Amino acid sequence: MKKKHPHKKKVSFTKKWSAKLHLWFGLSVGIIVFIVSLTGTLYVFKDEIQNSLRKEAMYVKESSSTPLSIAVLKEKVSLELNEKFPINAVEISLDKNKSYRFSYYEKNKKGWNYFEEVKINKLVYVDQYNGKILAVYDEKYNFFNILKYIHWSLLLNSEWGKYVVGIPTVLFIFMLITGIVLWWPKNKKARKGRFWFSWENVKTWKRKNYDLHNVLGFYASFFALLISITGIYFAYPYVKNTFNLALSGSTEMPKDKEIKSPDSLMVKNASVYDLTAQETRKLYPTSSSFRIPLNGKNKKGKELKNIPVTIYGEEGRFSERNSLVFDKYSGKLLAEKAHQKLSNAEKYANANYDIHTGSYFGLFGKILWFITGLICTSLPVTGFLVWWGKQKKQGKKI
């Protein structure tokens, strides 16, 4: 016969259902949350680690001579590497001591996994003063790129694999909210033990594990919510549309007007890319770098009617982005879209990746995001151990 506990307080309806949802969601998607959190955490300092390892390829001795033509450098790379796919683009740093980076990138939309989907992804560092290839990196098999695609789609096709990660991320957001509800103390006395560890008289690992899940989970929850929401921004159009509506009053962002090339009947100028590079340097001399597409196609594989140049304001960040459009025959400047003139929704769209990775907030942000990622990686483990401990305890009861 069960003993009655007349002084035992009733659990509120909110906490009761929060506990159930927290448990069910945790058991159902915990392993995916663990994988996504771990890969995201390891990716945070990708730029710092990779730049350190590629230092010799990144830098060249500044020469008093003018850099070789982009067309000449492109031809040199094409002949030496002899790839069946065309060079995709070149990224040029405003720092004259940094090498040019030519990239190959081609996708197969029908590939069911990452390795079948990405046909080629190579980065070639070239000394712009003498045309010497300094290094060739196969980014398809790069450690950080594989981490990125595990994080994004569990190495499945990126078009539908993002939902395999996106759905658990949405459930993780509910887990974070229900976790805060469960953590929230009823009174001041209960609050004291919720903000930090009180292990003076605690000897059991179960209690310490519970505190790790409870206390660390609370502190990480608010940052984890921001990271998760910026993550599903990439996966779900309705999330992006909600942001657009809130920031600019419309679910759709303004579309770029199609610019008809006035020099379309001209013979293409052999120095057209050099003219675009020269004008870009002139207009944005304090920027970090700029990217010029060289194969006449955009990232989605559609044919470009002009030459769009993307200018990055700061190294390692995508939030401050300017763009220029040049005539693909004459190199004449056709349009300019400065960062300052973008709508709030467009500015946020450019900044979302930096917010998601922590780089938007500088080195401090990356450190904070890294710590948050470590805690999020631990939560499915400590949460499972809490549940497992309760199951064993209940099993012993007769």
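The values are calculated or read from the model by the stated rules, or taken from the named source; none is laboratory data. No experiment lies behind these values; they were computed from the predicted model shown. Here the Cβ is made from the backbone with ideal geometry for all residues, glycine too, and neighbour counts use every protein chain on show. We work out accessible area using only protein heavy atoms, side chains counted, and drop any ligands, DNA or RNA first. Shrake-Rupley method; radii C 1.70, N 1.55, O 1.52, S 1.80 Å.
Paramagnetic label reach from residue 270 (point 7 Å along Cα→Cβ; backbone nitrogen cut-off under 17 Å): within the stretch 28-70, residues 67-70. The charge dipole of the chain, taken about its Cα centre with unit charges on the Cβ of Lys, Arg, Asp and Glu (plus for the first two, minus for the last two), comes to roughly 3520 debye. Ranking 126, 67, 78 by how far each Cα lies toward the positive end of the dipole of the stretch 40-148 (charges on Cβ) leaves 78 at the top.
Taking a ≥ b ≥ c as the square roots of the eigenvalues of the Cα gyration tensor, the stretch 40-148 is oblate, since a/c reaches 1.5 or more and a/b is not larger than b/c. Working note: Karplus 6.51/-1.76/1.60 with θ = phi - 60° gives the stretch 354-368 the couplings 5, 5, 4, 8, x, 5, 4, 9, x, 4, 4, x, 5, 5, 5 Hz, where Gly and Pro are set to x.
Under a crude label model (7 Å from the Cα following the beta-carbon direction), how far is residue 286 from residue 135 in nanometres? My value for the distance between the label points is 3.1 nm. The stretch between residue 108 and residue 72, if pulled fully straight at 0.36 nm per residue, gains 10.1 nm over its current Cα-Cα span.
For the chain, the per residue solvent-accessible surface stands at 60 Å², with DNA, RNA and ligands left out and a 1.4 Å probe. Less than 5 angstrom separates the built amide H of residue 156 from those of 114, all sequence-distant by 5 or more or on a different chain. Relative contact order of the stretch 246-323, taken over Cα pairs closer than 8 Å and 6 or more residues apart, is 24 percent. Applying a DSSP loop filter and a limit of 11 other Cβ atoms within 10 Å to the trypsin sites (Lys or Arg not before Pro) in the stretch 31-93 leaves 61, 84.
Here the sum of -39500 (n - 2.57) over DSSP H runs of 4 or more residues, divided by the residues of the chain, equals -16000 deg cm²/dmol at 222 nm, to the nearest 500. Between residue 20 and residue 61, the contour length at 0.36 nm per residue exceeds the Cα-Cα span by 8.5 nm.
Each Lys and Arg Cβ is given +1 and each Asp and Glu Cβ -1; about its Cα centre, the stretch 40-148 then shows a dipole of about 160 debye.
Classify the stretch 295-398 as rounded, prolate or oblate from the Cα gyration tensor: take a ≥ b ≥ c as the square roots of its eigenvalues, call it rounded if a/c is under 1.5, otherwise prolate when a/b beats b/c and oblate if not. Since a/c reaches 1.5 and a/b is larger than b/c, the shape of the stretch 295-398 is classed as prolate.
For the stretch 254-325, trypsin sites (Lys or Arg not before Pro) are listed when DSSP marks them as loop and at most 13 other Cβ atoms sit within 10 Å of their Cβ; the list is 255, 257, 260, 268, 299, 300, 302.
Converting phi to 3J(HN,Hα) with the Karplus coefficients 6.51, -1.76 and 1.60 and the offset θ = phi - 60°, the stretch 51-68 yields 5, 5, 6, 9, 4, 5, 7, 6, 10, 10, 7, 5, 10, 6, 7, 6, x, 5 Hz in sequence order, with x at every glycine or proline. The portion of the accessible surface of the chain made up by carbon and sulfur, rounded to a whole percent, is 60 (1.4 Å probe; DNA, RNA and ligands excluded).
Only Cα pairs under 8 Å and 6+ residues apart enter the sum, and on that basis the relative contact order of the chain stands at 19 percent.
Considering only 361, 182, 222, and ranking their Cα positions along the charge dipole of the chain that arises from unit charges at the beta-carbon of Lys, Arg, Asp and Glu, the one farthest toward the positive end is 182.
Between the exposed loop cleavage positions of the chain, defined as GluC sites (Glu not before Pro) in a non-H, G, I, E, B DSSP state with at most 16 neighbouring beta-carbon atoms within 10 angstrom, the longest gap is 84-199.
A cut-off of 5 Å between modelled amide H atoms, ignoring neighbours fewer than 5 places along the same chain, links residue 99 with 59, 60.
Take the alpha carbon gyration tensor of the chain, find the square roots of its eigenvalues, order them as a ≥ b ≥ c, and report rounded if a/c is under 1.5; if not, report prolate when a/b exceeds b/c, else oblate. Prolate, because a/c is 1.5 or more and a/b exceeds b/c.
Computed extension length for residue 10-residue 204: 67.1 nm, one decimal, from 0.36 nm per residue of separation with the Cα-Cα distance subtracted.
Converting phi to 3J(HN,Hα) with the Karplus coefficients 6.51, -1.76 and 1.60 and the offset θ = phi - 60°, the stretch 298-308 yields 8, 5, 8, x, 7, 5, 8, 8, 9, 10, x Hz in sequence order, with x at every glycine or proline.
Sites count as exposed loop sites when they are chymotrypsin sites (Phe, Trp or Tyr not before Pro), lie in a DSSP loop, and have at most 10 other Cβ atoms within 10 angstrom; the longest stretch of the chain without one is 200-398. For the chain, modelled as a Gaussian network with Cα springs under 10 Å, which listed residue fluctuates most, 274, 95, 256? It is 256. Identify the residues of the stretch 18-37 with backbone N under 13 Å of a label point that sits 7 angstrom from the Cα of residue 163 along the Cα-to-Cβ direction, or state none. Counting only backbone N, you get no residues. The value of relative contact order for the stretch 40-148, using C-alpha pairs under 8 Å at least six residues apart, is 26 percent. Legend: calculated FRET efficiency, residue 251 to residue 142, from the Cβ-Cβ distance at R0 = 56 Å, rounded to 0.05, equals 0.95.
For residue 297, the residues 5 or more places off, or on other chains, whose built amide H falls under 5 Å of its own are 304.
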